[in-house]
Amino acid sequence: MSVQHEPARTGEATLRRQVLPTELGPCMVRVQEGTRGQGQTSGTADVYLHGAAGSWTSFRALLSGAPANDRVLIDLPGWGESTAGARLEQFGVEAMARAITGVLNALGYRRWNLVGHSMGGFLALHIAAAWPERTASVATISATTFAVSAAARGPLRSLGRFPAFIGMLLAMRTMAALGPAGSALVRAIGTTPLMGPLMSPFFAEPGAIPAAVIRGLSNDARPASFSAAARAVANYDFGQWRGIRCPALALRGDRDVFTPPSDLARLAEIVPHVQRVTIPQCGHFANIERPEQVRRLLDDLRGP
């Protein structure tokens, strides 16, 4: 296991970077040291889990300021810098959760505050239910849960009411069938003006999103991993989430095309104490479009 310090961009914190083994393949992890640790691993970490079309970089806007706890940013196996050697044929919600908690155990953390975007929100809720004694809080940003699971089970039946996800799923399956050429094609499209209109449904104000962010999202696309994630959630037993005991927050943008209001309502039926928030003038990426509001909500959830 090698440990490196990643040079920070101007105004950004220094991140300690290392690769850790998991049952799903090598996992790239970045840690921003918190003030509580005083140079050593503290007992509790704030853990950030990205979506099926992202990487740790989707949380950059949430990393300003010195955190009390260590911040742990994971490129999940199959995404970002954890693509090489990923065993996608073994991908499942339970296996991914074991990989995540295995990483946190290896880093020496006993408890965690979970923050998950999109697919990462799904995983965060699963971990909170499966490891209730170790989860201090769970926050989801546009978690792709009930509607996506149903659409993954029956794409054609869901096309009329969930076209954004079905369109992306079919595109990703097509690109995955092309192998490495498919990923290269997505990255190539990301360098053209075409990528802006393609990504516009995911943002409330697409014109305000920097071109570098759009290119980053195209670089993060992993068609085979996205397709594997969709298969994994298709027949998930959501009743497991009744085991969530920690403080819980579920937020979405009012223009979110992947997380409908009904998803938050159904989550509240299973986890009655969850706090539900809809952010106005926001799409699927509140962590990019409304980072200040997201940070305030996370601070309120975790408390002093």
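Quick notes on this one:
- Here D237 sits with roughly 90 square angstrom of accessible surface, probe radius 1.4 Å.
- Our summary of shape: the Cα atoms of region 220-269 have principal axis extents of 33, 27, 18 Å, ordered from largest down, in whole angstrom.
- Quarter of the Cα convex hull surface for region 167-267, i.e. its orientation-mean projected area (nm²): 8.1 nm²
- FRET efficiency for E292 and A211, using Cβ-Cβ distance with R0 set to 25 Å, rounded to 0.05: 0.70
- FRET efficiency estimate (nearest 0.05) - Cβ-Cβ, D300 to A265, R0 30 angstrom: 0.90
- Over all directions, the projected convex hull of the C-alpha atoms in region 19-171 averages 9.2 nm² in area.
- In terms of overall dimensions, the chain has a Cα radius of gyration and Dmax of 17.9, 54 angstrom.
- A Cβ-based charge dipole, computed about the Cα centre of the chain with Lys and Arg at +1 and Asp and Glu at -1, lands at about 220 debye.
- The chain, accessible surface, carbon-and-sulfur percent (1.4 angstrom probe): 55 percent
- Once the 1.4 Å probe is applied to the protein heavy atoms, region 159-304 comes out at 48 Å² accessible per residue.
- Extended-chain gain in nm, criterion 0.36 nm per residue less alpha-carbon gap, T174 and E89: 28.8 nm
- Estimated inter-spin distance, A164 and T14, nm [label 7 Å along Cα→Cβ]: 4.0 nm
- Region 150-198: C-alpha gyration tensor shape, a/c 1.5 cut-off, then a/b vs b/c: oblate
The values are calculated or read from the model by the stated rules, or taken from the named source; none is laboratory data. This one's a predicted model, so the numbers in the text were calculated from it and none came from an experiment. Virtual Cβ from ideal backbone geometry, glycine too; neighbours counted across all protein chains shown. Ligands, DNA and RNA are stripped out before the accessible areas are found, and what is left, the full protein with its side chains, is counted by its heavy atoms. Shrake-Rupley method; radii C 1.70, N 1.55, O 1.52, S 1.80 Å.
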